[in-house]
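What follows is one structure encoded as structure tokens, with my remarks underneath.
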Amino acid sequence: MFGLFSSKKSEDTTIPVKFLNTESGEKEVFEPLTKGKVKMYSCGPTVYDYVHIGNLRSFLMADLIKRVLIFNDYDVKHTMNFTDFGHLTDDGDAGEDKMMKGLKREGLPITLAAMRQLSDTYITAFKKDIEALNIIEPTTYSRASDYLQDQINLIKTLEQKGYTYETSDGLYFDISKFPTYGRLGKIDLDKIRDGARVEINKEKRHQADFAVWKKGLLGWESKWEKGFPGWHIECSAMAMATLGKQIDIHTGGEDLVHPHHNAEIAQSESATGKRFVHYWMHNAFITIDNTKIAKSLGNSITMRHLHDQGFSGEDYRYWLLQAHYRSPANFSFEALKAAKQALFRLKRHVYEEYGNVYTEADAGYIERFTAAINDDIDTPKALALMWEVTKDDSLSREVKSSTLKDMDGVLGLGLNEATDDAVRELGVVAPEELPEEIQTLLDEREAARIAHNWDRADAIREELNFKGYSLEDTPHGAKVTKN
């Protein structure tokens with residue numbers, strides 16, 4: 001799990017943090033609303049099922065942003081939501097909601113209590129997934145059902161200010177009242193109107209108008225009849241309730257730009273009269289066989305599937321870090337196996353060859369690493385620097401260990417664990433833990449190597465392998481791993 005975390009800053013403050021802001025389409029120097037403090041909101045999962053590995057990339061991106069900011073001496077306050085009740089719609093205000101699908105799938109009654117029960121199960125599963133990925137938990141987890149009154153109050157404000165209209169199935173936000181609607185991602189509203197082959201809701205004034213309250217047989221009582229808050233309203237309400245009316249950074253997958261995040265901007269800024277978010281950040285999709293991962297396509301893979309195949313969360317994290325968060329990545333188990341092997345080698349450097357010590361990092365490498373991560377979180381370059389450190393013969397083992405550990409404060413690959421735990425995880429057996437029979441064979445093999453009796457040495461290696469032990473010859477002696 002997450003361990004040592006060293007800040008880069010001492011006297012050097014010359015490398016600014018830059019993020020690609022989706023709203024401007026440009027890399028921008030990060031300047032928080034309050035000096036030294038950051039307010040950050042991340043769209044979390046709808047907790048009706050296990051999240052798949054594609055979903056997890058979004059939460060890793062948020063973790064990396066947070067780690068980079070902490071590395072640069074910022075105090076980060078972070079909220080992530082759980083959508084834990086249904087609003088009887090899909091993302092486009094029509095169709096069957098995911099929470100309803102979850103209830104039916106598991107044979108639960110269609111009640112608010114059952115919805116809470118379902119979400120409890122998958123919130124617990126989600127937290128286990130992010131723990132496996134070494135993701136730092138947010139300051140606040142906000143469950144939508146716990147912030148119902150905040151959502152209703154926000155809807156009332158929008159209604160009082162004239163931004164909504166009522167139909168037979170709900171209360172809708174009128175985007176014509178918010179002239180800059182669609183500015184995130186530069187959405188062409190004419191194409192949305194012209195491209196609509198079927199008028200899903202004939203009472204809507206524009207196809208992009210979105211529900212802030214949906215009427216239904218299930219839900220809570222309100223002045224707009226029984227029902228649920230719309231999907232978009234929950235994030236605005238919870239962000240403002242936990243972080244304030246203006247926040248620095250908002251994260252999510254690229255699929256949330258439209259309509260979800262544009263809806264958040266419209267309703268939040270209409271209610272407060274202030275700019276809602278200063279930096280919008282979105283990650284690209286992960287594909288399998290160049291096809292988007294989706295439960296509906298039957299190609300979703302979860303962390304449980306990876307564990308069953310012998311992979312850890314850190315293995316998957318390493319694989320993700322090899323691509324920039326804004327670049328698409330195509331998943332395969334072959335690529336994940338290569339990532340697992342690379343991480344294994346990196347850990348053996350730290351925990352065996354370098355002795356897992358911490359003294360002082362090399363300033364030159366840390367400066368180059370800082371330049372990489374502060375440049376819109378360039379993790380591929382940061383990983384390359386790690387391997388450069390391992391190959392630099394001018395550095396002592398102690399400095400190599402310390403430098404890699406400082407870098408890992410941002411990358412989070414598990415290089416800051418206790419020695420005994422890490423070595424046990426690597427499968428390396430300490431000499432004092434070896435059975436006497438195995439130690440005797442090792443001594444015989446070493447004697448054979450010294451005598452240049454390579455045939456006998458190879459034969460003993462095969463015998464050890466048959467007994468369940470593998471050998472790796474290193475400059476510091478043979479390393480024994482239990483198969």
To the nearest 10 degrees, how steeply does helix 231-243 sit against the main Cα axis of the chain, on a 0 to 90 scale? 70
Quick check on region 44-192: of the DSSP beta bridges with both residues there, what percent are antiparallel, nearest 5%? 40
Give me the accessible area per residue for the chain, probe 1.4 Å, as a whole number in Å². 44
Given (i) 21.3, 65; (ii) 25.0, 78; (iii) 26.5, 91, the label whose value is Rg and Dmax of the Cα atoms in Å derived from this model: (iii)
Extension gain Thr140-Lys191, at 0.36 nm per residue separation less the Cα-Cα distance, in nm? 14.5 nm
Percent antiparallel among DSSP beta bridges (both partners in region 230-373, rounded to 5): 20
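Leaving out ligands, DNA and RNA, what percent of the accessible area of the chain is carbon and sulfur, probe 1.4 Å?
That share works out to 49 percent.
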Out of region 22-130, which trypsin sites (Lys or Arg not before Pro) are coil in DSSP terms and have no more than 16 other C-beta atoms within 10 Å? Lys35
Out of all DSSP beta bridges with both ends in the chain, state the antiparallel percent to the nearest 5. 50
Lysine pair count for region 166-305 [Cα-Cα under 18 Å; pairs on different chains or 8 or more apart]: 14
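Rounded, prolate or oblate, given the Cα gyration tensor of region 161-245, with a/c below 1.5 counting as rounded? Before the final figure, lay out each step's value.
On the way: a/c = 2.11, a/b = 1.18, b/c = 1.79.
Oblate shape, in that a/c is at least 1.5 and b/c is the bigger or equal ratio.
Count neighbours as other Cβ atoms within 10 Å of each site's Cβ, and list the trypsin sites (Lys or Arg not before Pro) in region 263-293 that are DSSP loop with at most 16 such neighbours.
On the way: sites: Lys274, Arg275, Lys292; in loops: Lys274, Arg275.
Those satisfying the criteria are Lys274, Arg275.
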Which angle from 0 to 90°, rounded to the nearest 10, does the C-alpha axis of helix 53-71 make with the longest principal axis of the chain? 80
For the Cα atoms of the chain, what angle does the longest principal axis make with the long axis of helix 454-466, in degrees from 0 to 90, nearest 10? 40
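The values are calculated or read from the model by the stated rules, or taken from the named source; none is laboratory data. Every value quoted in this text rests on a predicted model; they were computed, and no experiment measured them. Methodologically, a virtual Cβ is constructed for each residue, glycine included, from the backbone with ideal geometry; neighbour enumeration extends over all protein chains shown. We work out accessible area using only protein heavy atoms, side chains counted, and drop any ligands, DNA or RNA first. Shrake-Rupley method; radii C 1.70, N 1.55, O 1.52, S 1.80 Å.
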